[in-house]
Amino acid sequence: MKKIYTGKTIDEILASAATDKHCEVNDLTYEIKEEKAGFLGIGKEVSAEIYCEQDVEDFIRGYLQSYFDHIEMESYMEITRDHDGYYHVDLDTQNNAIMIGKNGQTLQSLNAVLRAAVSGEFKKRIGVMADINGYKEDRYRKLRSIALRAAKSVRRTKVDVTLDPMPSDERKVIHNCLTNMAGVSTFSEGEGRERRIKIVYNPGKEVD
């Protein structure tokens, strides 16, 4: 887990932390907590809170395991990290249907709590997404299909389309899906749970 290291220089404590955590210095993230200048260089000291990718993964695993232990539900989890630094948690639980909830609402709530816990622990926004038995990936595939059909309709009829309200991760999937499609643009409108995507006709948009 993240830990406070103290030494004479930041390079010294980063090297120590890298050895301790069995990783490269470049893989560490740190926040300086205290610096003492000393007198004529004597007694100089710096303290920093340092963590690495494995620390984040361990926290995610421990947090979710504690959650499932609390509700007395067996679970299996696999955590991976993509090239953008996003943590993906694949879950398979004793009762996947209950954990997903109606229209994925329970899973969405679990993700909101998990993201808040991880970002709060490491004091920065960290991308993390939990999926249960492939529900999210299947949902994303369906959303891409819906988005493409709607966008083609907008280009053909020149009539804008507003989709149903959806959470931020699903809106992002649609934005990314249509970003390189000529003739249409997307933007979000509404507040809170009512926030949704509007696909608008944009004849001036061209793509390479």
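Within the set of pairs 6 or more residues apart or between chains, which connect a residue that is farther than 16 Å from Gly104 by Cβ and part of a loop (DSSP other than H, G, I, E, B) inside region 149-169 to a residue that is open to solvent by 40 Å² or more (accessible area, probe 1.4 Å) and hydroxyl-bearing (Ser, Thr, Tyr) with Cβ atoms less than 6 Å apart?
Lys158/Tyr201
Would you mind listing the strands (runs of 3 or more DSSP E) fully within region 34-128 where at least 2 residues are at pLDDT 95 or above and touching a strand residue (DSSP E or B) at 6+ places or on another chain (Cβ under 8 Å)?
Passing ranges, in order: 75-81, 87-93.
Can you name the residue in region 170-183 that is in contact (Cβ under 8 Å) with a residue 24 or more places away in the chain and touching a strand residue (DSSP E or B) at 6+ places or on another chain (Cβ under 6 Å) and, of all such residues, is farthest from Arg193 (Cα to Cα)? Give the steps one after another, and end with the answer.
At the first step, the residues of region 170-183 found to be in contact (Cβ under 8 Å) with a residue 24 or more places away in the chain are 170-171, 173-174, 177-178, 180-183.
Checking the rest, the ones that are also touching a strand residue (DSSP E or B) at 6+ places or on another chain (Cβ under 6 Å) come to 171, 174, 178.
Numbers: Arg171: 12, Ile174: 17, Leu178: 22 Å.
Filtering region 170-183 for residues that are in contact (Cβ under 8 Å) with a residue 24 or more places away in the chain and touching a strand residue (DSSP E or B) at 6+ places or on another chain (Cβ under 6 Å), the one farthest from Arg193 (Cα to Cα) comes out as Leu178.
Going by what's in this entry, would Asp55 be described as open to solvent by less than 30 Å² (accessible area, probe 1.4 Å) and acidic (Asp, Glu)?
yes
Give the residues of region 116-140 that are within 11 Å of Asp169 (Cβ to Cβ), open to solvent by 30 Å² or more (accessible area, probe 1.4 Å) and either within 14 Å of the chain's Cα centre (by Cα) or without any contact (Cβ under 8 Å) to a residue 24 or more places away in the chain (or both), sorted by residue number.
Listed by number, the list is empty, since nothing qualifies.
I'm trying to understand the selection: among the residues of region 90-106, which are closer than 18 Å to Pro167 by Cα and of a type outside the set (D, E, K, R)?
Once the filter is applied, which keeps residues that are closer than 18 Å to Pro167 by Cα and of a type outside the set (D, E, K, R), region 90-106 yields Met99, Ile100, Gly101, Asn103, Gly104, Gln105, Thr106.
Considering only residues that are farther than 15 Å from Ala130 by Cβ and open to solvent by 40 Å² or more (accessible area, probe 1.4 Å), which ones fall in region 72-94?
Glu72, Glu74, His83, Asp84, Gln94
Kindly indicate whether Gly85 is in contact with a Lys or Arg (Cβ under 8 Å, 6 or more places away or on another chain), closer than 28 Å to Thr186 by Cβ and either of a type in the set (Gly, Ala, Ser) or touching a residue at least 40 places away in the same chain (Cβ under 8 Å) (or both).
Numbers: in contact with a Lys or Arg (Cβ under 8 Å, 6 or more places away or on another chain): no; closer than 28 Å to Thr186 by Cβ: yes; either of a type in the set (Gly, Ala, Ser) or touching a residue at least 40 places away in the same chain (Cβ under 8 Å) (or both): yes.
The answer is no for Gly85.
Yes or no: region 37-47 includes at least one residue that is open to solvent by less than 30 Å² (accessible area, probe 1.4 Å) and under 25 Å from Gly120 (Cβ atoms).
Yes: one or more hits.
For region 157-204, what are the residues that are charged (D, E, K, R), surrounded by 13 or more Cβ atoms within 10 Å (Cβ to Cβ) and farther than 18 Å from Tyr140 by Cβ?
The answer is Asp160, Lys198.
Return the total of residues in region 1-25 being farther than 12 Å from Ala48 by Cβ and among the acidic types (Asp, Glu).
Residues in region 1-25 being farther than 12 Å from Ala48 by Cβ and among the acidic types (Asp, Glu): 2 in total.
So which of Ser75, Ser16 is without any contact (Cβ under 8 Å) to a residue 24 or more places away in the chain, more than 18 Å from Asn111 (Cα to Cα) and small (Gly, Ala, Ser)?
Ser16
With the condition kept exactly as written, say whether any residue in region 114-125 is over 30 Å from Leu143 (Cα atoms) and among the charged types (D, E, K, R). If you could, list the steps in order and put the result at the bottom.
Restricting attention to region 114-125, the residues satisfying the condition of being over 30 Å from Leu143 (Cα atoms) are 120-123.
Among the residues that remain, those that are also among the charged types (D, E, K, R) are: 121, 123.
For region 114-125, residues over 30 Å from Leu143 (Cα atoms) and among the charged types (D, E, K, R): present.
Output the number of the condition that Met1 fails; it satisfies all remaining conditions of (1) in contact with a Lys or Arg (Cβ under 8 Å, 6 or more places away or on another chain); (2) open to solvent by 30 Å² or more (accessible area, probe 1.4 Å); (3) within 15 Å of Glu121 (Cα to Cα).
Every listed condition holds for Met1 apart from (1).
The values are calculated or read from the model by the stated rules, or taken from the named source; none is laboratory data. None of these values were measured; they are calculated from a predicted model. Cβ atoms come from the backbone with ideal geometry, glycine included; neighbour counts cover every protein chain shown. With ligands, DNA and RNA removed, areas are computed over all heavy atoms of the protein, side chains included. Shrake-Rupley method; radii C 1.70, N 1.55, O 1.52, S 1.80 Å.
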